[in-house]
Each structure stands twice: as structure tokens, then as C-alpha cells.
Amino acid sequence: SKDDVVLRISNLESFYGPIMAIRGASLIIRRGQIVTVLGANGAGKTTLLKTISGVMDPEKGEILYHDKDIAGSEPDRIVRQGIVHVPEGREVFPLLTVEENLRMGAFTRSDGGIGDDIEMVFGYFPILRERRRQSAGTLSGGQQQMLAIGRGLMARPEVMLLDEPSLGLSPLLVKEIFAIIRRLNVERGVTMLLVEQNAKVALDVAHYGYVMELGRLVMDGPAADLAQSKDVQEFYLGVR
Ligand code: ATP
């Protein structure tokens with residue numbers, strides 16, 4: 001039903017100066033779903049997430065979050081409302097410890113549950129507990145990705161925007177991280193928008209998917225259907 005729609009994005013356009021990076025994107029994210037946006041390097045996936053999280057202002061279009069238009073709102077307001085952006089490239093604070101990074105993720109909160117939530121994050125990522133007093137810059141790529149997700153969880157989000165969690169990781173680590181993404185969705189009910197170049201793992205975990213090419217969403221459907229599509233197989237799954 002309509003009430004299941006958490007995010008409804010319509011006719012979004014975003015620019016870098018004269019460069020039109022998002023060219024009229026419309027998409028819907030339902031409560032409890034993992035929705036993936038697939039696309040090659042430079043398709044506009046990161047720009048889409050930055051526009052939703054308020055890091056960039058759209059030139060046009062609507063971003064309805066529970067029927068409230070958040071397009072152009074400040075990033076910290078959007079976090080407070082329940083949408084958190086987990087950036088690509090392991091953008092953790094390298095000189096802060098693991099635990100300090102997690103506390104930074106709770107910057108919008110003043111309740112007494114922060115210590116419990118740090119324990120919750122350590123429950124999902126036990127290696128972070130072992131490294132809690134180590135500076136984040138000394139972690140491996142996979143551990144930094146775990147920390148980025150953990151830091152996002154500390155805001156108690158309803159929606160997580162995940163930018164290429166598989167980037168630069170070994171197949172084994174990708175499997176491990178995606179298993180945790182699935183658990184966070186099932187066990188904590190976190191709705192997710194996942195952008196990925198790795199179509200195989202993304203379609204495996206997602207309920208629904210979109211394909212982005214040159215700033216446009218050119219195709220969408222249930223993830224299982226997309227995985228069976230000839231075009232997706234040829235261009236994104238490397239099947240001949
Ligand atoms: P990636 O896999 O690199 O994250 P992407 O699909 O997320 O790719 P975006 O980073 O959103 O793509 O880039 C979309 C378009 O905008 C590309 O043509 C890119 O060159 C351009 N672009 C991205 N960042 C900037 C910037 N800061 N200034 C100018 N152009 C940019």
C-alpha cells in the first residue's frame with residue numbers, strides 16, 4: 001500500500017556546475033526493503049545518495065520521506081529524521097579510535113542508549129570490539145567498511161544509504177559484509193538503498209533494483225527478475 005512507501009523520489013536533477021549528473025531520476029523505496037541501484041563507474045550513483053542525504057542540493061525534483069519533501073534540507077536534519085549515508089571509500093575518521101568513530105555516529109542523539117548501541121554494533125562486528133581503542137586509520141579496508149556501517153547504525157536510522165560497500169574488498173569479505181547487511185535488514189528492520197557496481201552481490205541481497213546509466217534510471221524490477229534479464233546479464237553480470 002501507499003503507506004509502505006518510505007522514500008518517493010521524483011524527477012530528480014543534480015548538477016556539478018554545468019555537468020548534469022542526475023538526469024530526472026524517479027524511484028520508490030518501501031519499508032523494510034533493500035533496494036539496489038546498479039550502474040557502472042560514473043553513472044551517478046554516488047551523486048544520487050549525496051542528493052538524498054543533503055550533501056548536495058538538487059536543481060529539480062522531489063524527495064518525499066514519509067510524505068515530507070526533504071530535498072535541499074541540511075544533512076544533519078536528514079540524519080535526525082532517520083536517513084543515514086554510509087559513504088564509499090572508507091570515509092572514517094582515521095585519527096580517532098574505533099570507539100570514538102562510533103560515538104561520532106551518534107552525534108544527533110542525546111539519549112542514554114549510546115553505550116548499548118555500541119555493544120549492539122560490536123555484536124554485529126566483533127572485530128571492532130577487539131580494535132575499539134585502535135585508531136581507525138590503522139584498520140584494514142574491510143574493517144574500515146565495517147566501522148563505516150557501524151557508525152551509520154549509531155544514528156539509529158530507519159533508512160541507510162550504502163555506497164558501494166563491496167569496493168576494494170576480497171570476495172570473502174564481500175560475502176561477510178553482505179551477510180551482515182542482510183541481517184541488519186531482517187533483524188533490525190533497516191530499510192536500505194544500496195548502490196553497487198557489483199551487480200551479483202547486490203541483486204542477491206536486494207528485494208528490488210534499478211539500473212542507472214548516465215544519470216538516468218533506465219530499468220527496474222524485482223531483483224530476481226533483473227538477475228534473469230538478458231541485458232542485465234550481459235552488461236552487469238558478465239554472462240554471455
Ligand atoms: P562511482 O562508481 O565513481 O561512485 P557513480 O555512479 O557514483 O560512480 P558519480 O560519482 O555520482 O557516479 O558521478 C556522476 C557523474 O558526475 C560523473 O560523470 C562524474 O564524472 C561527475 N562528477 C562526480 N563528482 C563530480 C565533481 N565533484 N565535480 C564534477 N563532476 C563530478
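For region 22-43, does any single residue satisfy the condition of being within 12 Å of the ligand (Cβ to nearest atom) and basic (Lys, Arg)?
Checked against the condition, which is being within 12 Å of the ligand (Cβ to nearest atom) and basic (Lys, Arg), region 22-43 yields at least one hit.
Which of the residues that make up region 39-66 are among the aliphatic types (A, V, I, L, M) and within 20 Å of Val190 (Cα to Cα)?
Leu48, Leu49, Ile52, Ile63, Leu64
Taking Leu12 as the residue in question, decide whether it is within 16 Å of the ligand (Cβ to nearest atom), in a strand (DSSP E or B) and over 20 Å from Ile149 (Cα atoms).
For Leu12, the condition - within 16 Å of the ligand (Cβ to nearest atom), in a strand (DSSP E or B) and over 20 Å from Ile149 (Cα atoms) - is met.
Do we find that Val5 is at pLDDT 95 or above and farther than 24 Å from Asn198 by Cα in this structure?
yes
Could you tell me how many of the residues in region 71-97 are assigned to a loop (DSSP other than H, G, I, E, B) and charged (D, E, K, R)?
Residues that pass the stated criteria total 4.
Condition first: of a type in the set (D, E, K, R), outside any loop (DSSP other than H, G, I, E, B) and loosely packed, with under 13 Cβ neighbours inside 10 Å. Now tell me which residues in region 98-122 satisfy that.
Across region 98-122, the qualifying residues are Asp116, Glu119.
Inspect region 50-64 for any residue being among the aliphatic types (A, V, I, L, M), within 17 Å of Ala202 (Cβ to Cβ) and within 15 Å of the ligand (Cβ to nearest atom) and give the result as yes or no.
No, because not a single residue in region 50-64 is among the aliphatic types (A, V, I, L, M), within 17 Å of Ala202 (Cβ to Cβ) and within 15 Å of the ligand (Cβ to nearest atom).
The values are calculated or read from the model by the stated rules, or taken from the named source; none is laboratory data. Source: prediction; values computed, not measured. Glycine gets a Cβ as well: all are built from the backbone with ideal geometry, and neighbour counts include every protein chain shown.
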